[in-house]
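In what follows, a single structure is set out as structure tokens and then discussed.
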Amino acid sequence: MNDQPQISHSDSGDFAAVPAFAEPGVPHIHTLNVPGMQALYVKEVRRFFKVQLQTIWAPAITTLLFLVIFTVALGGAGRTVIGVPFADFIAPGLIMMAMLQNSFANSSFSLLVGKIQGTIVDYLMPPLAVGELIIALIGAAITRAILVGLALWLAMLLWPGVHVIPDHLWAVVLFGVLGAAMLGFLGLITSVWAEKFDHAAAVTNFVVTPLALLSGTFYSVDRLAPWFQSIAHGNPVYYAIMGFRYGFIGTVDSTIANPVLTAALALVAVNIVLGVLTYRLLASGWKLKA
């Protein structure tokens, strides 16, 4: 079929030009499909926002209970960690932990529910390139993480004895986005691999939760034994929480040279690796296409 308009005879006897279609596989959109990405992004945001009590407020309240329990049990008698009150030390880590867990939960649900319900074609058939699909899904995961973080931050602002006014807002934004994107990529990889909700739950229980709890959220890493510090430094979630906490209290619990720069570079590297892996999995159609 050529690219010239086809000529057809109408019922009235006049000839009308009928536009020809391109050959199958020939793209019509030669630039970034912004409207398509926006439509998918809005769809994903609306999906979790319709049940915001479960996806935003419930995680914020649950994480706030950690703050209450730990400050009551361990934060008394003027206890400090790396020179700041214990409540001020633990609060940013809790916010970041909730953001990471909800970013993973959102992206790990997207494609998995499509495979289970048989609606995966809604993601594969629209005129979206693999990169555009990833941007929309990861953007929605980051959005949910930010909303959970804001809800939790507002609650902590009202909690007595806790100070969560950022010292370095750029660090809060940078590490918040990098950390949420990292778990968003991991969740998207999980949703491609998983065949049922039990598989996604297994990754949550045996990968995401241990990484979050063993990342210095509730304690200072510099108080650990040297061999345990080495393990913590190999945990990318530690760098996300350490940098995020730096944005609030202006100090870090690490003896690494240039810790904030090191944390940012480590997260960028991990995001690149996970992003490339996600792209290759989606482009191959593994467990997505017959």
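Structure summary
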| item | result |
| --- | --- |
| Nitroxide proxy distance, nm - points 7 Å out along Cα→Cβ at Leu53 and Leu169 | 3.4 |
| Modelled FRET efficiency - R0 51 Å, Gln38 with Ala225, Cβ distances, 0.05 increments | 0.55 |
| Added length on full extension, which subtracts the Cα-Cα distance from 0.36 nm per residue, Ala201 to Ile69 | 45.0 nm |
| Signed unit charges on C-beta, dipole axis of the chain, positive-most listed residue Leu214, Thr80, Val113 | Thr80 |
| Alpha-carbon centroid distance for the pair region 89-127 / region 185-203, whole angstrom | 9 |
| Additional length obtainable on full extension of the chain from Ile61 to Thr255, 0.36 nm per residue less Cα span | 66.5 nm |
| Dipole in debye (nearest 20) - the chain, about Cα centre, beta carbon charges: Lys, Arg +1; Asp, Glu -1 | 720 |
| Whole-percent pair-distance distribution, where bins are 5 Å wide, for the alpha carbons of region 35-284 | 1, 7, 14, 18, 19, 16, 12, 7, 4, 2, 1, 0, 0 |
| Using alpha-carbon coordinates, inclination of helix 58-74 to the longest axis of the chain, degrees | 10 |
| Phi-based couplings in Hz for region 130-137 (Karplus 6.51, -1.76, 1.60; Gly and Pro marked x) | 4, x, 5, 4, 5, 4, 5, 5 |
| Alpha carbon centroid spacing (whole Å) that separates region 206-285 from region 130-165 | 18 |
| Relative contact order (%) - the chain, alpha-carbon pairs under 8 angstrom, separation at least six | 21 |
| Whichever lysines have a C-alpha closer than 21 Å to that of Lys43, once near sequence neighbours (fewer than 8 apart) are set aside | Lys115 |
| Structure-based [θ]222 nm, the chain - -39500 (n - 2.57) summed over DSSP H runs of at least 4, per residue, nearest 500 | -21000 deg cm²/dmol |
| For the chain, built as a Gaussian network whose Cα springs stay under 10 Å, the top-fluctuating residue of Leu111, Leu94, Leu53 | Leu53 |
| Cα long-axis angle, helix 34-49 against the chain (0 to 90 degrees, to the nearest 10) | 50 |
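Read the figures in this text as sums done on the coordinates, not as results from a lab. Fair warning: this is a prediction, and the values are worked out from it, not measured in the lab. Here the Cβ is made from the backbone with ideal geometry for all residues, glycine too, and neighbour counts use every protein chain on show.
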